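Structure first, then comments.
The values are calculated or read from the model by the stated rules, or taken from the named source; none is laboratory data. These numbers were taken from a predicted model, which means no experiment stands behind them. Reconstructed Cβ throughout: ideal geometry from the backbone, glycine too, with neighbour counts over all protein chains shown. The area values use the complete protein model at the heavy-atom level, side chains included, leaving out ligands, DNA and RNA. Shrake-Rupley method; radii C 1.70, N 1.55, O 1.52, S 1.80 Å.
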Number of protein chains: 2
Amino acid sequence: MGQLLEKKACESRLGAIDDALYAIGGKWKLKIIIALKEGNKRFNELQRALNISARMLSRELKDLELNGFVERKVYTETPIVIEYELTEYSNSLSEILEALSSWGKKHRQKLIDERS
Amino acid sequence: MGQLLEKKACESRLGAIDDALYAIGGKWKLKIIIALKEGNKRFNELQRALNISARMLSRELKDLELNGFVERKVYTETPIVIEYELTEYSNSLSEILEALSSWGKKHRQKLIDERS
DNA sequence: CCGTATCCGACACGATACTG
DNA sequence: CAGTATCGTGTCGGATACGG
């Protein structure tokens, strides 16, 4: 009977989603990553691009660094410049990013259509 | 120059991700949907399957219904039974679900490997 | 420019108890 | 069983100010 198998599969997916949301859930993480896909950015550039407070940005960047998505680069030649750069590992998120943004686009269009 | 194009694309993706997170962000929405993929479920079944409080489940189900992902079905034959069922539209999330859970699985494995 | 510290309100989330 | 009401906690997240 497939019941049991289905249940196992479901539980496994639930756990996996948990892990994923724990790492990249929240309001900012994916958005920061998208912004950095455009190219390395400095702290203030990110802040302006995302309309995020310094406090949150600082926190989230640390978190992203700890989890291996982002690297903080310090160029010591004067003037000293600090940039944030995506790591190789962050590329593993591309499918998620693609799926989310393409769905978001369609969803927004649906909402617009319904209102008319 | 591709700079401008890239910037536009980035902003568009940021907006789309916003829309997506607004609709399906948070700790519970996707998990409820996954649980229902296994088959229709009653309130208490969902509660036990997800370890979610009645309060949150009630809220999230209303939200999911409003956004067209879930339908509340009432079977009036005694004994009266109330079930929650996924709508057709909820299938549009399958790519996201797939991407998230497969990434989550790999990510967890990575964490395990690193710890050894 | 790159952040950190502090204060504060809003809300996500949980536990418990309760109603029809 | 299907929810709602109440209460309490923690985190989210912004505003402002400040120091390296």
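Couple of notes before you dig in:
- Pairs beyond 31 Å (Cα-Cα), from A:Lys62/A:Lys106; B:Lys29/B:Lys110; A:Lys62/B:Lys37: A:Lys62/A:Lys106; A:Lys62/B:Lys37
- Short-range pairs are left out: with C-alpha atoms under 8 Å and at least six residues apart, the relative contact order of chain B is 21 percent.
- Estimated from helices alone, the mean residue ellipticity of chain A at 222 nm is -21000 deg cm²/dmol (sum of -39500 (n - 2.57) over DSSP H runs with n ≥ 4, per residue).
- For the protein assembly as shown, the normalised intensity computed at q = 0.13, 0.15, 0.16 Å⁻¹ comes to -0.86, -1.08, -1.19 (log10 of I(q)/I(0), Debye sum over alpha carbons, equal scatterers, no solvent).
- With respect to the axis relating copies A and B by rotation, the chain A residue whose beta carbon is closest, plus that distance in Å, is A:Ala99, 2.
- Applying a length cut-off of 30 Å (Cα extent along the axis) and a mean Kyte-Doolittle floor of -0.5 to the DSSP H helices of chain B leaves B:2-24.
- Tensor-based shape of region B:3-116 (alpha-carbon gyration tensor, a/c under 1.5 rounded, otherwise prolate or oblate): oblate
- Surrounding net charge for B:Asp18, when Lys and Arg each add one and Asp and Glu each subtract one, Cβ distance under 10 Å: +3
- At least 40 Å² of accessible area lost relative to the chain alone, listed for region B:81-116 with a 1.4 Å probe: B:Tyr89, B:Ile96, B:Ala99, B:Leu100, B:Ser101, B:Trp103, B:His107, B:Lys110
- Average accessible surface for region B:1-107: 57 Å² per residue, computed with a 1.4 Å probe over protein heavy atoms with every protein chain in place.
- Placing a label point 7 Å from Cα along the Cα-to-Cβ axis, B:Lys106 is separated from the same position in the other copies by 2.2 nm, shortest listed first.
- Within the shell defined by Cβ-Cβ distances under 10 Å, the residues around A:Glu98 carry a net charge of -1, with Lys and Arg each +1 and Asp and Glu each -1.
- With its label point defined 7 Å out from Cα along the Cα-to-Cβ axis, A:Met56 lies at 2.1 nm from the matching points of the other copies, in increasing order.
- Accessible surface of region A:29-92 [probe 1.4 Å, protein heavy atoms]: carbon and sulfur percent: 46
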